[in-house]
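Below: one structure, written as structure tokens.
The values are calculated or read from the model by the stated rules, or taken from the named source; none is laboratory data. All values derive from a computational prediction rather than experimental measurement. Positions of Cβ are generated from backbone atoms using ideal geometry, with glycine treated the same way; all protein chains shown enter the neighbour counts.
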Amino acid sequence: MVLERLLAWLFGLKVCAVRTKNKHAALTPLLEVMRRLRAPGGCPWDREQDHRSLRWHAVEEVYELIDAIESGDDLELEEELGDLLLQVVFHCQLAKERGAFDFDDVARHITNKLIRRHPHVFGELKVKDVDQVWTNWEKIKRAEKHGTRHERVSALDGIPKHLPALLRAEKLLKKARRAKLNDDSGPSRTLTRAALARELFDLARLAQRRGWSAEELLRSETLRHERVWRKAERKKP
């Protein structure tokens, strides 16, 4: 209640509106706080940020959110979700100042996207299983991006290049397999989960002993495979 009265005094927001009018009304003071932090006389640190300077803050907040999820602590989860929401609000404020878009635009965009990509929920399409849902999602996504600068001409497109190396390798392998570019002709040794985990750890330790970065080694090897598969894809009839 004290916080709500402070917000009311600062921004002219009615406390009753925050509490009763709209269960989502807490967003209004959050957006206003962000605007005030960026305004003349606001916070010097916030005022000097831009999209690029904030990009790794978003990555850090996602990792902290994962830690909170795995801890099973709801209070920690609530806090970390708020920190991640701050990143969204911050970028929206920066974009609003440039006249590009604002928070409402972002919310409308994701709402419309979810409705478009779930025709089995919001339309008449019938699906049998999750695989069909996934296939249809990808089909709709390709149609949406067709003819735009974001068009995905390769089955391997759409994997963020800054993902951690192992996660990026797994996603690339999955896409290559679905596109029948990966023949799964790699090592055929039978390993238990525990044995494979130990081997991965030992490889990281070996790389460190040699003065190499296991992360960069795997990233380079993944890029090599990606180039080979993209070349093979272009040759397919």
Pair list, Cβ < 6 Å and 6+ apart or interchain, from the range 220-237 residues that are aromatic (Phe, Trp, Tyr) to residues that are assigned to a helix (DSSP H, G or I):
229/176
Kindly indicate whether residue 40 is farther than 30 Å from residue 162 by Cα, surrounded by 13 or more Cβ atoms within 10 Å (Cβ to Cβ), modelled with pLDDT of 95 or more and not polar (S, T, N, Q).
no
Among the residues in the range 55-75, are any part of a helix (DSSP H, G or I) and more than 25 Å from residue 163 (Cβ to Cβ)?
yes
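Residues in the range 90-106 that are exposed (fewer than 14 other Cβ atoms within 10 Å of the Cβ) and among the hydrophobic types (A, V, I, L, M, F, W, C): how many?
Narrowing the range 90-106 to residues exposed (fewer than 14 other Cβ atoms within 10 Å of the Cβ): 97-100, 104-105.
Now narrow it down to the ones that are among the hydrophobic types (A, V, I, L, M, F, W, C): 100.
Here the count works out to 1.
Is there a residue in the range 136-153 that is in contact (Cβ under 8 Å) with a residue 40 or more places away in the chain and within 23 Å of residue 224 (Cα to Cα)? Quick ask: steps written out before the conclusion?
So in the range 136-153, the residues in contact (Cβ under 8 Å) with a residue 40 or more places away in the chain come out as none.
Within the range 136-153 (the criterion being in contact (Cβ under 8 Å) with a residue 40 or more places away in the chain and within 23 Å of residue 224 (Cα to Cα)), the answer is no, since none of the residues qualifies.
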Name the helices (runs of 4 or more DSSP H) wholly within the range 124-237 that hold at least 2 residues that are under 24 Å from the mean Cα position of the chain (by Cα)?
130-145, 165-178, 214-235
Subset of the range 90-106 (residues that are assigned to a helix (DSSP H, G or I) and touching a helix residue (DSSP H, G or I) at 6+ places or on another chain (Cβ under 9 Å))
90, 91, 92, 93, 94, 95, 96, 97, 103, 104, 105, 106
Which one of these does residue 132 not meet: (1) modelled with pLDDT under 95; (2) under 24 Å from residue 235 (Cα atoms)?
(2)
Residue that is loosely packed, with under 13 Cβ neighbours inside 10 Å, out of contact with any strand residue (DSSP E or B) (no Cβ under 8 Å at 6 or more places or on another chain) and either within 27 Å of residue 59 (Cβ to Cβ) or outside the structural domain of residue 63 (by TED's automatic domain parsing) (or both), where the choices are 142, 219, 149:
149
Given the structure, is residue 207 aliphatic (A, V, I, L, M), loosely packed, with under 11 Cβ neighbours inside 10 Å and without any contact (Cβ under 8 Å) to a residue 24 or more places away in the chain?
no
Can you find a residue that is touching an Asp or Glu at 6+ places or on another chain (Cβ under 6 Å), of a type outside the set (Gly, Ala, Ser) and surrounded by 11 or more Cβ atoms within 10 Å (Cβ to Cβ) anywhere in the range 121-139?
no
Return the total of residues in the range 40-55 being more than 11 Å from residue 90 (Cβ to Cβ) and among the small types (Gly, Ala, Ser).
2
Given (1) surrounded by 13 or more Cβ atoms within 10 Å (Cβ to Cβ); (2) at pLDDT below 95, number of the condition residue 165 does not satisfy
(2)
